[in-house]
Amino acid sequence: MRNERSGGSARSGGSARCLHTLLLATLFLTLPVTAQTLRPKVRSVVPTGGQHGTSVECVIAGVNIGYGTALLFENPGITVATLKPETPAAGAKNPESKLTATLALAPGLPPGRYAFRVATPLGSSEPGYVVVGQWPELAEKEPNNTLQTAQALTGPVTVNAKSDGGEDVDVYKVTLTAGEPFVAEAQAGASLGAAATMEPVLVLRNAEGHDVASASALARPDARLIFTPRKSGEYFLMVHDLRYQGSADHHYRLSIGKLPTITSTFPLGGQAGSAAHLALTGVNLPSSEATLVLPSELPFDPMPFAQGLRLDVSPFPDTVEAEPNESVKLSQLIALPVTVNGQLTSPSPTRPDVDCFRFAATKGQVILLEVFAARLGSRLDGVLTVLNKDGGELASNDDARGKDPFLAFTAPDNGEFTIRIADLNGRSGPEFSYRLRVAPATPEFALTVAPDCLSIAPGDRIPVIVSATRQYGLDSEIVLSFTGLPPGVQLVGTPQIPRGQSEVTLFLTADASAAPSPTVPLRVTGSAQNLTRRARALQEEYVKEGDVLKRTTRPVPMPLASVTGPADVTVALASERVELKAGQTVELIVKLTRKPGFEAKVPLILTGLPTGVTVTNPEVPEKQSEHKLIFKAEANAAIGEVRLTLIARSVVDELRFTPHAAPLLTLNVSK
């Protein structure tokens, strides 16, 4: 990850930190002081990307984006030559603004989508994305909505375009040569990280007015058309949204020409840290082979490879399917743990192919079986079945991970069992590859951390939730580690998830004198039973279902930490201990320090209350800085000492707010 500033390349060391601090301090003078702070959010990037080895000027727009002091990219091959901020209009409630950035895209940078964040004195933005391509780029030229006004293209080229409104159809004129495969691919929606999700449809029409080929986003996230003409001449390529919708945010990238296009690869991955030797299938390919070194650390998701294909990176050794293996009798013996690279290739025109693998297990042993195929770009809709030695079905699964199956199989006896893999619809061919992971279940866990960006103001305290998914007998405590916290920021609380629990709430606090800091990468890890796992960052969002406010999360790249400008509000307690007798009430004074101009009411959330204890008056009125909370213990209240967490929320609206934590409160209930 690289932190780039306006006016030149990245710097390192103390001078860079001083420069960044100076930029932040200057911007603090222009920050809004009359409303609640909105987290910066990237709404659009125009154009959506550029060709590697060139520079591209992009306009990044969104909420509070104009306060940006730096762009942080997940790949060091993207650097910032210039950065020109345009701050929001004074007093705007939802301040839309923009940055204009000139990005240098390194030669040879692999094509794909790259995440970035905008660093601002208000904290880091939600992720934005820039797409890197390999062909020369140009902009769509309107009007181009008829055959007569079609925009002429000569490939290879990538067009940055958009569906402007309902029923918009963009038309491009291309000249094709008989016998030469022509490729057109439209990337849109999630492939661009776009706010609006366009589902592209491609239709190729000849000069006589007949449609000769088409493709849509129904079969894949993007639309790709491959057509080999019998006749040379002019053709017209039409692009529209599947539902004929459009807006200023319905962007797409259209690449056309005699493009090298990989339609399948074998194998679909390899063991972590190894070199994967791939056999490629497609059109216009300069080579039918490729070698790729896989990362030594297991990624959270399959690794992007090329044109919608992804690679599985496994912790287990690889082996390759050996034909014939289409029955229990002919099943291939495998030793566990292992990942099998296979492909369904029909043995005859009338009989669908199935692949069978045999393994040994002991009675009661749990064996995990998982197919990686559809999520990697394979056309396989897999069905996974476990058979006994006589071919009787013991377990079966379809569509556990999207279209990919998964089984946790418990062996009923000692002996050998057979795995059978088939396509749901009996299809086969070079595009029906898969990876089959088979391993005995062993203690395991996965971690997440929220929020995704730990932006903390001087004197503030923010909650951090670390959650664990425990699997297959892992019941020990999980010891946590935070790496990358800025100077002046401390972790409060015991950094571990206790045995038998699935999550812990910790707190970060920043010294009142902490200086604004550059935004830095954050790494959260957990260790238990000789395992160490990295936590995945979750972005928090809230939705309303009826009258209930629900917290939702989604995984995002690039967890970060920084010290920001002043918080809307910080919260303290007149006392950090409350003594309460059953049947009585007691008052506690909550003290707020408000940012100048922040006068809104502040809801208070108190968690951890014991049975029989209630709190009334949990909201600080507008403009008020001190407030009484009233604790009441019923006669049958639970006796004992507990630790409580009090959160004050600076609210933008019912779905957007920022939590600010008080020091932990000890409540002692006695008779």
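For region 147-158, filtered to residues that are buried (at least 17 other Cβ atoms within 10 Å of the Cβ) and touching a residue at least 40 places away in the same chain (Cβ under 8 Å), the residue that is nearest to residue 47 (Cα to Cα) is 158. Exactly one residue out of 178, 190, 217, 223 is surrounded by fewer than 19 Cβ atoms within 10 Å (Cβ to Cβ), touching a residue at least 24 places away in the same chain (Cβ under 8 Å), within 30 Å of residue 126 (Cβ to Cβ) and out of contact with any Phe, Trp or Tyr (no Cβ under 8 Å at 6 or more places or on another chain), and it is 190. Per this entry, residue 79 is counted among residues that are at pLDDT 95 or above, farther than 30 Å from residue 623 by Cα, touching a Ser or Thr at 6+ places or on another chain (Cβ under 7 Å) and not in a loop (DSSP other than H, G, I, E, B).
In region 42-64, of all residues being in contact with a His (Cβ under 8 Å, 6 or more places away or on another chain) and part of a strand (DSSP E or B), the one that is farthest from residue 128 (Cα to Cα) corresponds to 46. For residue 603, the requirement of being over 17 Å from residue 575 (Cα atoms) and exposed (fewer than 13 other Cβ atoms within 10 Å of the Cβ) is not met. Of everything in region 493-519 that is within 20 Å of residue 455 (Cβ to Cβ), among the hydrophobic types (A, V, I, L, M, F, W, C) and without any contact (Cβ under 8 Å) to a residue 60 or more places away in the chain, the residue that is surrounded by the fewest Cβ atoms within 10 Å (Cβ to Cβ) is 512. Can residue 229 be described as outside the structural domain of residue 379 (by TED's automatic domain parsing), closer than 21 Å to residue 159 by Cβ, modelled with pLDDT of 95 or more and part of a loop (DSSP other than H, G, I, E, B)? So residue 229 fits the description; yes. Any residue that is modelled with pLDDT of 95 or more, more than 19 Å from residue 299 (Cα to Cα) and crowded, with 22+ Cβ neighbours inside 10 Å - is there at least one of those in region 433-444? There is at least one residue in region 433-444 that is modelled with pLDDT of 95 or more, more than 19 Å from residue 299 (Cα to Cα) and crowded, with 22+ Cβ neighbours inside 10 Å. Scanning region 228-239 finds no residues that are within 19 Å of residue 253 (Cβ to Cβ) and either surrounded by fewer than 16 Cβ atoms within 10 Å (Cβ to Cβ) or out of contact with any strand residue (DSSP E or B) (no Cβ under 6 Å at 6 or more places or on another chain) (or both).
Selection within region 259-275: residues that are over 25 Å from the mean Cα position of the chain (by Cα) and without any contact (Cβ under 8 Å) to a residue 40 or more places away in the chain. The member of this set that is farthest from residue 301 (Cα to Cα) is 260.
Tell me which strands (runs of 3 or more DSSP E) are completely within region 490-582 and hold 3 or more residues being modelled with pLDDT of 95 or more and over 18 Å from the mean Cα position of the chain (by Cα), or say none if there are none.
Details: elements: 503-510, 523-528, 531-545, 548-555, 560-563, 569-573, 577-581.
Hits in region 490-582: 503-510, 523-528, 569-573, 577-581.
Residues that are assigned to a strand (DSSP E or B), touching a Phe, Trp or Tyr at 6+ places or on another chain (Cβ under 8 Å), aliphatic (A, V, I, L, M) and closer than 24 Å to residue 452 by Cβ within region 643-671 comprise 651, 661, listed in sequence order. Would you please name the residue that is farthest from residue 112 (Cα to Cα), looking only at residues in region 124-135 that are assigned to a strand (DSSP E or B) and either without any contact (Cβ under 8 Å) to a residue 60 or more places away in the chain or not aliphatic (A, V, I, L, M) (or both)? Checked region 124-135; the qualifying residue farthest from residue 112 (Cα to Cα) is 124. For region 614-621, the criterion of being surrounded by fewer than 14 Cβ atoms within 10 Å (Cβ to Cβ) and either touching a Cys at 6+ places or on another chain (Cβ under 9 Å) or part of a loop (DSSP other than H, G, I, E, B) (or both) is met by at least one residue. Applying the set (1) buried (at least 20 other Cβ atoms within 10 Å of the Cβ); (2) not assigned by TED's automatic domain parsing to the domain that holds residue 71 to residue 120 leaves exactly one unmet item: (2).
Going by what's in this entry, would residue 202 be described as in a strand (DSSP E or B), touching a strand residue (DSSP E or B) at 6+ places or on another chain (Cβ under 6 Å) and assigned by TED's automatic domain parsing to the domain that holds residue 239? Criteria met by residue 202.
Taking the criterion of being hydrophobic (A, V, I, L, M, F, W, C) and within 17 Å of residue 663 (Cα to Cα), the residues of region 565-594 that qualify are 567, 569, 571, 572, 573, 574, 578, 588, 589, 590, 592.
Just so you know, in region 136-158 the residues that are in a loop (DSSP other than H, G, I, E, B) and in contact with a Gly (Cβ under 7 Å, 6 or more places away or on another chain) include one that is nearest to residue 308 (Cα to Cα), and it is 156. Take residue 378 and tell me if it is modelled with pLDDT under 95 and buried (at least 18 other Cβ atoms within 10 Å of the Cβ). In short, yes. Cβ-Cβ distances below 8 Å connect the following pairs, each with a first residue in region 159-171 that is under 11 Å from residue 200 (Cβ atoms), a second residue that is loosely packed, with under 14 Cβ neighbours inside 10 Å and modelled with pLDDT of 90 or more, and a separation of six or more residues or different chains: 161/139.
In region 264-302, of all residues being outside any strand (DSSP E or B) and in contact with a helix residue (DSSP H, G or I) (Cβ under 9 Å, 6 or more places away or on another chain), the one that is surrounded by the most Cβ atoms within 10 Å (Cβ to Cβ) corresponds to 268.
To keep it simple, each residue is scored yes or no on (1) within 34 Å of the chain's Cα centre (by Cα); (2) under 13 Å from residue 419 (Cα atoms); (3) free of Cβ contacts under 8 Å to residues at least 40 places away in the same chain; (4) outside the structural domain of residue 416 (by TED's automatic domain parsing).
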| position | (1), (2), (3), (4) |
| --- | --- |
| 310 | yes, no, no, yes |
| 324 | no, no, yes, no |
| 330 | no, yes, yes, no |
| 340 | yes, yes, no, no |
| 354 | no, yes, no, no |
| 357 | no, yes, no, no |
| 363 | no, no, no, no |
| 374 | yes, no, yes, no |
| 379 | yes, no, no, no |
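Taken over region 246-258, the residue count meeting the criterion of being surrounded by fewer than 23 Cβ atoms within 10 Å (Cβ to Cβ) and more than 26 Å from the chain's Cα centre (by Cα) is 2. Considering region 330-361, the residues that are of a type in the set (Val, Ile, Thr) and closer than 21 Å to residue 317 by Cβ include one that is surrounded by the most Cβ atoms within 10 Å (Cβ to Cβ), namely 339. Residues being touching a Pro at 6+ places or on another chain (Cβ under 6 Å) and not aliphatic (A, V, I, L, M) are entirely absent from region 430-449.
The values are calculated or read from the model by the stated rules, or taken from the named source; none is laboratory data. No experiment lies behind these values; they were computed from the predicted model shown. Heads up, the Cβs are rebuilt from the backbone with ideal geometry, glycines too, and the neighbour counts pull from every protein chain shown.
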